[in-house]
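Data block below; observations after.
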Amino acid sequence: MTPEEQPERMSADGKPMVGATPRDVVHIRLGSFALIAAVGIGVLGFVAGLTWLTVVMALAVVVAVVDIALAVRRQSHARKGTTTEAG
């Protein structure tokens, strides 16, 4: 059975269980927040005619997308039962 065909494991509370480290979860959540904020501020900068703000926010969007992609990649490539956390 491939991973896509396997049923999702559920905890006793009925919540889905995934093999993610706290670091990956934080990177994904904060990255998505930063992504939304950067897009919003970038649009406002574009509407206001502030080219420098639009460029800075575009760079922030790229950084956030790369960070989220790396966190998802770390999460999907982590061996089960191990953690990538230091300490």
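Here, each number is a calculation from the coordinates, and none is a lab measurement. Predicted model, so just to flag it, every value in this text is computed and none were measured. Note that we place each Cβ from the backbone using ideal geometry, even for glycine, and neighbour counts take in every protein chain shown.
Between Leu53 and Arg73, take the C-beta separation as r, use R0 = 25 Å, and let me know the FRET efficiency to the nearest 0.05.
Numbers: r = 30 Å, r/R0 = 1.22.
Approximately 0.25, to the nearest 0.05.
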Worksheet item: How would you rank 61-68, 49-56, highest first, on the average number of other Cβ atoms within 10 Å across their residues?
Response: 61-68, 49-56
